[in-house]
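First up is the structure itself, then whatever we jot down about it.
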Amino acid sequence: MPLTDPTQDLTLLTEMRRGSATAFEQLYRRHQGPLYRFALLRCGSAATAADIVQEVFLALLNDTLKFDPTRGVLQGFLFGVTRNLLLKQQEATRRYVPNNHALDTDDTDNDIADTSAGPLEKLLTNEAAENVRNALQQIAPHYRDVLIFYEMHDLSYVEIAHICNVDIGTVRSRLSRARAKLFKLLRPDFLEAAAHQTPTHQQEAIQ
C-alpha cells in the first residue's frame with residue numbers, strides 16, 4: 001500500500017523538474033520521514049541515515065536519478081535508491097567492521113514458523129526502542145530490509161520484491177525468517193515485561 005498518492009508525487013516531480021522549489025519541498029516533506037526511518041533501522045546510525053537521505057534528495061533535485069514512472073511509483077523508487085546507497089556504504093565498511101551476529105543467508109529454509117506480526121509492528125513503530133534497533137542489527141541486511149519494509153512501511157510483497165529485486169517467494173521466506181529471528185532476540189524482553197506485570201495481575205485477582 002503506497003504511503004503517498006503516486007499521482008500527486010508524479011505531479012510534484014514534474015513541477016520540480018520545471019524549477020518549482022515548492023514542489024521539491026512538498027516531495028521532501030512527503031518522503032523524508034519514511035526514508036529516514038528505513039535508513040535508521042537498516043543501518044542503526046542516525047548520522048548515516050541522515051546523510052543517506054540527504055544524498056537521495058540531492059540526487060532527486062539534480063535529476064540524476066532518472067525516475068521512470070512507467071516502471072513503478074516514486075515512493076518505491078526512492079526506497080530502492082536509499083537501499084542501494086546503504087548497500088554501497090555497507091560494502092565500503094564491511095572489511096573494517098565484521099558482522100558476527102548476522103543471520104545465515106540461506107533463503108531455502110521455508111519451514112520456520114511465522115510469528116505474529118502484531119507485536120512486531122508495535123515494536124518497530126517505536127523508533128526510540130534501542131533494544132529493537134540493536135536486535136535488527138543482528139539480522140542479516142537482506143532479511144532486515146524485508147522486515148522493515150513490511151512491518152514498518154506496510155509495503156506489499158510485490159512492492160518489496162520490486163525494491164529488493166527478488167521474487168515474491170523470496171520475500172515471504174525472508175520475512176518469515178526475519179520475524180522468527182527478531183522474536184528470538186527480543187523474547188527475553190517480552191519475558192521480563194511479563195514478569196513485571198505478574199504481581200499486578202495477581203493483586204487484581206485477589207481484589
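Has region 55-64 got any residue that is within 24 Å of R133 (Cα to Cα), of a type outside the set (F, W, Y) and modelled with pLDDT of 90 or more? So that I can check it myself, show each step before the final result.
Of the residues in region 55-64, the ones within 24 Å of R133 (Cα to Cα) are 55-56.
Still in the list and also of a type outside the set (F, W, Y): 55-56.
Next, only the ones that are modelled with pLDDT of 90 or more stay: 55-56.
Yes, there is a match, as at least one residue in region 55-64 is within 24 Å of R133 (Cα to Cα), of a type outside the set (F, W, Y) and modelled with pLDDT of 90 or more.
Among the residues of region 1-15, which ones are surrounded by fewer than 17 Cβ atoms within 10 Å (Cβ to Cβ) and either in the same structural domain as I160 (by TED's automatic domain parsing) or charged (D, E, K, R) (or both)?
Once the filter is applied, which keeps residues that are surrounded by fewer than 17 Cβ atoms within 10 Å (Cβ to Cβ) and either in the same structural domain as I160 (by TED's automatic domain parsing) or charged (D, E, K, R) (or both), region 1-15 yields D5, E15.
Picking from R37, R18, which residue would you name as being surrounded by 14 or more Cβ atoms within 10 Å (Cβ to Cβ) and among the basic types (K, R)? Lay out the reasoning, then the answer.
Details: R18 fails: surrounded by 14 or more Cβ atoms within 10 Å (Cβ to Cβ).
Matching residue, one of R37, R18: R37.
Could you please tell me which pairs satisfy a Cβ distance under 7 Å, a separation of 6+ or placement on different chains, a first residue in region 168-188 that is within 18 Å of Y157 (Cα to Cα), and a second residue that is in a helix (DSSP H, G or I) and of a type in the set (G, A, S)?
So the pair list comes out as I168/A161; V171/A161.
For region 1-96, which helices (runs of 4 or more DSSP H) that fit wholly inside it have 2 or more residues that are touching an Asp or Glu at 6+ places or on another chain (Cβ under 8 Å) and closer than 17 Å to I163 by Cβ? Before the answer, list the steps.
Numbers: elements: 6-17, 21-43, 46-61, 74-94.
Those helices (runs of 4 or more DSSP H) span 21-43, 74-94.
Are there any pairs, at least 6 apart or on different chains, whose C-beta atoms fall under 6 Å, with the first in region 133-151 and among the hydroxyl-bearing types (S, T, Y) and the second part of a helix (DSSP H, G or I) and surrounded by 18 or more Cβ atoms within 10 Å (Cβ to Cβ), and if so, which?
What qualifies is Y143/R174; Y143/R177; Y143/A178; Y150/L175.
The values are calculated or read from the model by the stated rules, or taken from the named source; none is laboratory data. Since we're looking at a predicted model, the values are computed, not measured. Cβ coordinates were reconstructed from backbone atoms using ideal geometry, including for glycine residues, and neighbour counts include every protein chain displayed.
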